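The values are calculated or read from the model by the stated rules, or taken from the named source; none is laboratory data. Remember, it's a predicted structure, so these values are computed and weren't measured experimentally. SASA here: full protein model, heavy atoms, side chains in, ligands and nucleic acids out. Shrake-Rupley method; radii C 1.70, N 1.55, O 1.52, S 1.80 Å.
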Amino acid sequence: MSSRQRLLPKKISLAFSLVALVFVVMVLSIGSAGLLAFLLYRTGLLDMNEPEPLRGVYVLLYISLFMGVVIATLLSRRSVRPIRDMMEATGKVAKGDFSAEVTSKGSIVFELDALAASFNKMVQELKGIETLRSDFVRNFSHEFKTPIASISGFAQLLKKGGLSEQDKQEYLDSIIQESERLVGLSTSILNLSKVETLEIVSERSVYRLDEQVRLAILMLEPKWSARSLQLELALDEEIEINSNKNLLQQVWINVLDNAIKHSKGGGTLKIGLWQHGGDAVFRLEDQGYGMSEETMRRMFDKFYQGDASRAMTGNGLGLTLVKRIVDLCEGTIEVESELDRGSVFTIRLPLANLIFPSEHLR
């Protein structure tokens, strides 16, 4: 590295660059004005010994002003080029074009570099949000349209008549099933919309977490019994937590229901709950179909269902809801999975602050 490169920084601040620009403009304008005046003087077009000496001063002043404007215009065009590029890119983004990108190539101002990097990051985030919004609308429409179309079709067949009693019962069962599917989807969307607007968990209470998990298992007994699943429970007792009971109940229901749906018939579900340090640790292991890397990457996205080839009932909102609630409770959720080897969900929730602040005042 040369001594010049060591002395001169690669990037300067915006304030310093403005001061430097003014200084350079002044030096160049005065120097160029002096040079031009000297040439005019040598050619005889400017006589400093005229009876009116101020005339020459005025001429030099006008020349300096003119040269200063010209030099400032040329230098400023280059200096503000990154800002003009950003204005143009902002206009594209405002029109919905999220492919816009700005560069600070040729800029020596580090604020412009940071601004360009932040702008590009913002555009990428907006592009991702737009993609998620489009996917959400498309999947939402599909999830609602399918059961409604089924209900309408079966209702029309029943209205025509001429059906056997067995066919009537089958069509009515299908209508009931699709109606329940719509109710479940509406409930999931309502629950998700509620927790998405929350910033903090309110209505906390101290309760037995192990009892809540056992209750969730009992509530889903018809489902895991229908699939002939064996349960191996290892739930420590007397694990108390200070949190919103209703919110966490949705977590256990959804993760257990998800494991049951994706387990192979006759398999085993291993459910554990214990205390580790200041955390309650919940672990759920199934022997199901497992997940691919793509599915694991998007499993918490709204309406995403990893394997459409299998006839799994669901709407792709359960794990999205679980992730949001766990985050609100300042917990973590970890997933390990391999195709055809099952999945392991581990949820950690803090046990701290079991005593409410108001109780300290009693």
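Expressed as a fraction of 2.2 N^0.38 Å, the rule-of-thumb size for a compact globular protein of N residues, what is the C-alpha radius of gyration of region 220-262?
1.36
Accessible surface of residue 92 in the full protein assembly, 1.4 angstrom probe, to the nearest 10 Å²?
90 Å²
Per Stokes-Einstein, at 37 °C and 0.692 mPa s, what whole-number D in µm² s⁻¹ belongs to region 185-299, with the Kirkwood radius over Cα pairs as the hydrodynamic radius?
It diffuses with D of about 210 µm²/s by this estimate.
Just read off the accessible area of residue 38 with the full protein assembly in place, 1.4 Å probe, to the nearest 10 Å².
Approximately 100 Å² for this residue.
For residue 231, which sequence-distant residues (separation of 5 or more, or a different chain) have an amide H within less than 5 Å of its own amide H, given hydrogens modelled in the peptide plane?
Placed amide hydrogens put 269 under 5 Å from residue 231.
Under 5 Å between amide hydrogens, which residues at least 5 positions from residue 240 or on another chain qualify, with H placed 1.01 Å from N in the peptide plane?
209
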